[in-house]
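Chemist: Can you keep this structure in mind? I'll have questions shortly.
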Amino acid sequence: MVHEAVSPSPRFLEPKDLSLLQQVLGHHANDSTKLLQILREVQEHLGFIPNAAVSFIAEALDIPRNRIESVASFYSFLHLRSQGTYRVLFSDNITDRMLGSQTLMERMCQQLWLQPGKVSEDGLLSIGTTSCTGMCDQGPAMLVNERAITKLTHQRIQEIGQLIRNRTPLNDWPADFFYVEDNIHRAGLILGNTMAYGEALQAGLTLGGAAIVDVVKRSGLRGRGGAGYPTGLKWEACRNAKGNQHYVVCNADEGEPGTFKDRVLLTRQADLVFEGMTLCALAVGAKQGFLYLRGEYRYLLDHLKGVLQRRRESNLLGVDILGQSGFDFDIEIHLGAGAYICGEESALIESLEGERGVPRNRPPFPVTQGYLQQPTALDNVETFCQAALAIHMGADKYSAIGTSKSTGSKLISVSGDCPRPGIYEYPFGVSVQEILNDCGAVNTRAVQISGPSGICIGEHEFGRKLGFEDLPTAGAFMVFDDSRDMFEVARNFVHFFAHESCGFCTPCRVGTSMLKQTMDKIAAGQGTHYDLAEVENLDHVLQTTSHCGLGRTACNPVLHTLKHFRPAYESRLKSLSFKPAFDLDGALARARQMTGRDDAGAHLKENE
Amino acid sequence: MTEKKKLRIATTSLAGCFGCHMSILDIDERLFPLLELVEFDRSPLTDIKHCGPCDIGLVEGGICNAENVHVLREFRKNCKVLIAIGACAINGGLPAQRNHLDLSSCLTEVYLTEPGLVHGHIPNDPELPLPLDKVHPLHEVVKIDYFIPGCPPSADAIWKFLTDLIAGKTPELGHGLIKYD
Ligand SMILES: Cc1cc2nc3c(=O)[nH]c(=O)nc-3n(C[C@H](O)[C@H](O)[C@H](O)COP(=O)(O)O)c2cc1C
Ligand code: SF4
Ligand code: SF4
């Protein structure tokens, strides 16, 4: 819901804002582990979190103000100062850029007389960029007040500009702006399933918790979130872990650029997702589950809540599920607020607890000490779907699909240079070339598998197969044809990591920025071979000393593109062994102008 | 036993506060054994104005003006090994606090609009080096071989670093010599 130009004075809250705050706080029972949800909702109504609201919430939750400020400042969608009544964020994934997002953004800034990143003087709007919004198959995309708009064109940008100028409430904008397509081009095990609601759950109830774990183990199912940990082992460890409460968490943060299959699953197969979570609850003995939904997918909230409500009404959730006395389980949805790192499981749990999403030390792993330090089974959206199917089909039938070490099917999110971007479901073991054929890609130069943190492969490797044996993937499949500059692709990814580094550990916080500076230096034509060698040094530091996977994979885009597309870098280098990082003489221009000097001493040569 | 040839060291302070040089002096009585092994070229300790061929160059402070660039280049040209010493040299440090201000408004405020200034003007004597629009760390202007972090690095850290280097070992500042807070 979006309200009109509300900018409460920074010090006082108007009565209606006050009652709203009380309502939000009451809804969350003044529970400080709900802080992130509270802040999100306050912002949704007020457009930002005013100073007075911070004080009010601090008092109500009995926590210091600085905890609220520290949480709010961590998440890129939360603002302690007004960012305008309309907050426009262009999705900045490379696929959006390839579809022309940068020109569109420039146009819009011109049209509305605005500089990127600044709030207009009348407080009406701001325009900026955000990391991939998961609409790569229908970009360029943007978020306006955290609501997704797809398929941007010059015309659409113009219309949006008009609507903003006229202060038209977002709810009155044309509905087709917000239309998100599923683009399913190939259905398999999951997308083609014809199970009735509750069917898999019934099968699970007949088996019982221990047998469910056994089936999932024997099915060979491995996590679909990226790391590929055997799901059965995870559930077993969680089941055996001692605790006051056990929890089930579904990771729907889907932040890896180029990945959008969880969005489609939540749209089309929400029941299957919840069914998988409920089966997991039965297996590990949990009463409470959470779905952690990335803020970019806020538009799915009502739909998902509706599905949950229907499942409660059908006794597929709630008390004594399907008549089994003592089998109680329910699911709550938590929204993220624009932080890629919250996809990392321990950061996600911190975020669920209302904290900054900083990864924890691991071990202990979430299976023994997860949410509120209790045993927690945390899996990806697709993993829960696969588990439900495996339990329904039986381990033997399920494990016959795919390859020996990668059983079952995999949803692939195809985007980039191809005529049919969208979702493709294959049994594991499918080759890259087969997918390229299916999506109609021609003259393909490279494919980025599993997003920026994954692998970039060149033409001679298109025979390789998706699966844990060869090319593990969380689902992203970005296609680049021979018109693309792979250096710019890598540079976009490096900027992504620098932006999303949570800042907790120095190697990653500083290292990703240094990497970004090096790439920008090369882009500006100031790079040397020395800089390329520096990237390799940096990679070593990041890989060996980063606290979590983000830092460990941040150099991958550069290393992989350097391996396959070195000339894209070399052609930009100056031949000298070292070059300054910036234009030295240009850096004196200001001072020359201010002093009126133009003598020899007022200039610097680029090299001596 | 034949006497080993002494290593030549040059040091300078660019956009720094001389705190790092004070820390060099803080190696105290160890300066004597050091002087058995090295001799100083250009340095505030010797008052030599231009750097000749050296083995080691130690540079304190970042790059804030044109002269800093010239001096740093002179060091790079003459020193086999060039070391950035201290936070200012490595990151820009304290002087880089001005980087979020626009240089024009800085100059305007300091020389033109500051209360109490009568007929102020922005100095434009060619003798004076022009300020760069931003303060930069050394490694953005020339290649730097080693970095000694700290503000300033302790005398022990400097001593360890130099003695390692002189002994032909890759310098390692282990636990206790690098502070993280
Ligand atoms: C930086 C980072 C981001 C991640 N983002 C996601 C994500 O968006 N979705 C996801 O399911 N897993 C993500 N993961 C992996 C999770 O930490 C975790 O391994 C996974 O959710 C476990 O579920 P699975 O066993 O079903 O794969 C991420 C990991 C890292 C290091
Ligand atoms: S590696 Fe990066 S993202 Fe991970 S904890 Fe360190 S700073 Fe945060
Ligand atoms: S690092 Fe610290 S001591 Fe050294 S020059 Fe800079 S401010 Fe002075």
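Chemist: What number, rounded to the nearest 500 deg cm²/dmol, is the helix-based mean residue ellipticity at 222 nm of chain A, given -39500 (n - 2.57) per DSSP H run of at least four residues and division by all its residues?
Modeler: Calculated mean residue ellipticity at 222 nm is -12500 deg cm²/dmol.
Chemist: Sort all Cα-Cα distances of the protein assembly as shown into consecutive 10 angstrom bins from zero, then give the percent of pairs in each bin up to the one containing the longest distance.
Modeler: The distribution over the protein assembly as shown is 2, 12, 19, 22, 19, 14, 8, 3, 1, 0, given as percents.
Chemist: While we're here: Once you have a ≥ b ≥ c as the square roots of the Cα gyration tensor eigenvalues for region B:1-136, tell me rounded if a/c is under 1.5, and otherwise prolate or oblate according to whether a/b is larger than b/c. Show your work: numbers first, answer last.
Modeler: Details: a/c = 2.68, a/b = 2.39, b/c = 1.12.
The shape class here is prolate.
Chemist: Where in region A:141-168 does the label zone of A:TRP113 land, with the point 7 angstrom along Cα→C-beta and an amide N cut-off under 16 Å?
Modeler: Within reach of a label on A:TRP113: A:161-162, A:164-167.
Chemist: For B:HIS70 and B:HIS175, calculate 0.36 nm times their separation in residues minus their Cα-Cα distance, and state this gained length in nm to one decimal. Numbers along the way, then the final one.
Modeler: Values: separation 105, 0.36 × 105 = 37.80 nm, distance 3.59 nm.
Result for the pair: 34.2 nm of gain on full extension.
Chemist: Let me ask you something else. Of the listed pairs A:LYS521/B:LYS6; B:LYS5/B:LYS160; B:LYS6/B:LYS160; A:LYS16/A:LYS287; A:LYS151/A:LYS305, which have alpha-carbon separations greater than 29 Å here?
Modeler: Result: A:LYS521/B:LYS6; A:LYS16/A:LYS287 exceed 29 Å.
Chemist: State to the nearest 20 debye the size of the charge dipole of region A:345-432 about its Cα centre, where the only charges are +1 on K and R beta carbons and -1 on D and E beta carbons.
Modeler: 200
Chemist: Moving on to the next point. What does the charge count around A:GLY326 come to, taking other residues whose C-beta lies under 12 Å from its C-beta (Lys +1, Arg +1, Asp -1, Glu -1)?
Modeler: Neighbour charge sum, excluding A:GLY326 itself: -1.
Chemist: Moving to a separate point now. Filter chain A for me: DSSP H helices, axial length by Cα at least 20 angstrom, mean Kyte-Doolittle hydropathy not below 0.0. List them by residue number.
Modeler: A:270-284, A:486-500
Chemist: What's the total accessible area buried between chains A and B, using a 1.4 Å probe, rounded to the nearest 100 Å²?
Modeler: The A and B chains share an interface burying roughly 2200 Å².
Chemist: Assign one of three labels to region A:86-181, namely rounded, prolate or oblate, based on the Cα gyration tensor with a ≥ b ≥ c the square roots of its eigenvalues; rounded applies when a/c is under 1.5, prolate when it is not and a/b is larger than b/c, and oblate otherwise.
Modeler: Values: a/c = 1.69, a/b = 1.24, b/c = 1.37.
Oblate shape, in that a/c is at least 1.5 and b/c is the bigger or equal ratio.
Chemist: Find which of A:LEU205, A:LEU170, A:LEU542 sits farthest along the positive direction of the dipole of the protein assembly as shown, computed with +1 on the beta-carbon of Lys and Arg, -1 on that of Asp and Glu, about the Cα centre.
Modeler: Working it through, the farthest residue towards the positive pole turns out to be A:LEU205.
Chemist: Place the peptides A:313-320, A:483-490, A:236-243, A:373-380 in order of packing, highest mean first, counting for every residue the other Cβ atoms within 10 Å and averaging per peptide.
Modeler: A:373-380, A:483-490, A:236-243, A:313-320
Chemist: Which one of A:MET519, A:ALA446, A:LEU46 is farthest out on the positive end of the charge dipole of the protein assembly as shown, using unit charges on Cβ (Lys, Arg +1; Asp, Glu -1) and the Cα centre as origin?
Modeler: A:ALA446
Chemist: If each of A:TYR179 and A:GLU59 carries a label point 7 Å out from its Cα toward its Cβ, how far apart are those two points in nm?
Modeler: Computed distance between label sites A:TYR179 and A:GLU59 equals 4.9 nm.
Chemist: Okay, next question. Residue by residue through region A:144-151, what is 3J(HN,Hα) from phi via Karplus (6.51 cos²θ - 1.76 cosθ + 1.60, θ = phi - 60°)? Round to whole Hz and write x for glycine and proline.
Modeler: Running phi through 6.51 cos²θ - 1.76 cosθ + 1.60 with θ = phi - 60° gives 10, 6, 6, 9, 6, 10, 10, 6 Hz.
Chemist: Can you give the accessible area per residue of region A:86-181, in Å², using a 1.4 Å probe?
Modeler: Values: 4070 Å² over 96 residues.
Per residue, region A:86-181 has an accessible area of 42 Å².
Chemist: What ranking of A:GLU461, B:GLU29, A:GLU59 comes out by heavy-atom accessible area, probe 1.4 Å, highest first?
Modeler: Putting A:GLU461, B:GLU29, A:GLU59 in descending order of accessible area: A:GLU59, B:GLU29, A:GLU461.
Chemist: When you look at the Cβ of every residue in B:121-133, what mean number of other chain Cβ atoms sits within 10 Å?
Modeler: Whole-number average of other-chain Cβ neighbours for B:121-133 is 6.
Chemist: Something else now. Return the FRET efficiency for the residue pair A:ASP598, A:ASP172: r is the Cβ-Cβ distance, R0 is 56 Å, and the value is rounded to the nearest 0.05. Can you show the working numbers first?
Modeler: On the way: r = 58 Å, r/R0 = 1.03.
Rounded to the nearest 0.05, the efficiency is 0.45.
Chemist: Also, quick follow-up: Kindly provide the Kirkwood hydrodynamic radius of region A:409-484 in Å, to one decimal, from all pairs of distinct alpha carbon atoms.
Modeler: Details: mean 1/r = 0.0839 Å⁻¹.
One over the average 1/r among Cα pairs gives 11.9 Å for region A:409-484.
Chemist: Using +1 on the beta carbon of Lys and Arg, -1 on that of Asp and Glu, and nothing else charged, what's the dipole of chain B about the Cα centre, debye to 20?
Modeler: Approximately 640 debye in magnitude.
Chemist: If the reach is capped at under 19 angstrom between alpha carbons, list the aspartates and glutamates near A:LYS234, excluding any in the same chain fewer than eight residues apart.
Modeler: A:ASP214, A:GLU275, A:GLU344, A:GLU345, A:ASP379, A:GLU382
Chemist: Per-residue HN-Hα couplings for region B:34-43, Karplus 6.51 cos²θ - 1.76 cosθ + 1.60 at θ = phi - 60°, whole Hz, x for Gly and Pro?
Modeler: 4, 5, 5, 9, 10, 10, 9, 8, 3, 5
Chemist: Then there's this: Quick one: helix B:155-166 against the long Cα principal axis of chain B, what's the angle to the nearest 10°, folded into 0 to 90?
Modeler: 60
Chemist: While we're on this one: Keeping every protein chain in place, order A:VAL71, A:VAL119 by accessible area at 1.4 Å, biggest value first, i.e. largest first.
Modeler: A:VAL119, A:VAL71
Chemist: Something else: Hey, which lysines would be in cross-link range of B:LYS49, C-alpha to C-alpha under 17 Å, not counting anything within fewer than 8 residues on its own chain?
Modeler: Within reach: B:LYS77.
Chemist: Now for a different question. Please average, across the residues of A:349-357, the number of beta carbons from any other chain that are within 10 Å of each residue's own beta carbon, and give a whole number.
Modeler: Per residue, the average neighbour count from other chains is 0.
Chemist: So, one more: Compute, for the protein assembly as shown, the length of the dipole vector about the Cα centre, with Cβ point charges of +1 (Lys, Arg) and -1 (Asp, Glu) only. Units Debye, rounded to 20.
Modeler: 900
Chemist: Given N residues in region A:185-399, what is Rg(Cα) / (2.2 N^0.38 Å)?
Modeler: In units of the 2.2 N^0.38 Å rule of thumb, it is 0.92.
Chemist: What is the distance, in nm, between label points placed 7 Å from the Cα along the Cα-to-Cβ direction at A:GLN517 and at A:ASP122?
Modeler: So the two model labels end up 4.1 nm from each other.
Chemist: List the residues of region A:560-608 for which accessible area in the full set of protein chains is at least 40 Å² lower than for the chain on its own; 1.4 Å probe, protein heavy atoms only.
Modeler: SASA drop of 40 Å² or more in region A:560-608: A:PHE578, A:PHE582, A:LEU584, A:ALA587, A:LEU588, A:ARG590, A:ALA591, A:MET594, A:THR595, A:ARG597, A:LEU604, A:GLU608.
Chemist: Kindly sort A:TRP113, A:TRP235 by accessible area of their heavy atoms, largest first, with the probe set to 1.4 Å.
Modeler: A:TRP113, A:TRP235
Chemist: Still on this structure, I have one more. Which of the lysines could a cross-linker bridge to A:LYS516, judged by Cα under 22 Å and excluding same-chain residues fewer than eight apart?
Modeler: Qualifying lysines at Cα under 22 Å: A:LYS563, A:LYS574, A:LYS579, B:LYS134, B:LYS143.
Chemist: Given H placed 1.01 Å from N in the peptide plane, which residues other than close sequence neighbours of A:ALA148 have an amide H under 5 Å from its amide H?
Modeler: A:TYR299
The values are calculated or read from the model by the stated rules, or taken from the named source; none is laboratory data. If you're wondering where the values come from, they're calculated on a predicted model, not measured in any experiment. Backbone-built Cβ (ideal geometry, glycine too); neighbour counts: all protein chains shown. We work out accessible area using only protein heavy atoms, side chains counted, and drop any ligands, DNA or RNA first. Shrake-Rupley method; radii C 1.70, N 1.55, O 1.52, S 1.80 Å.
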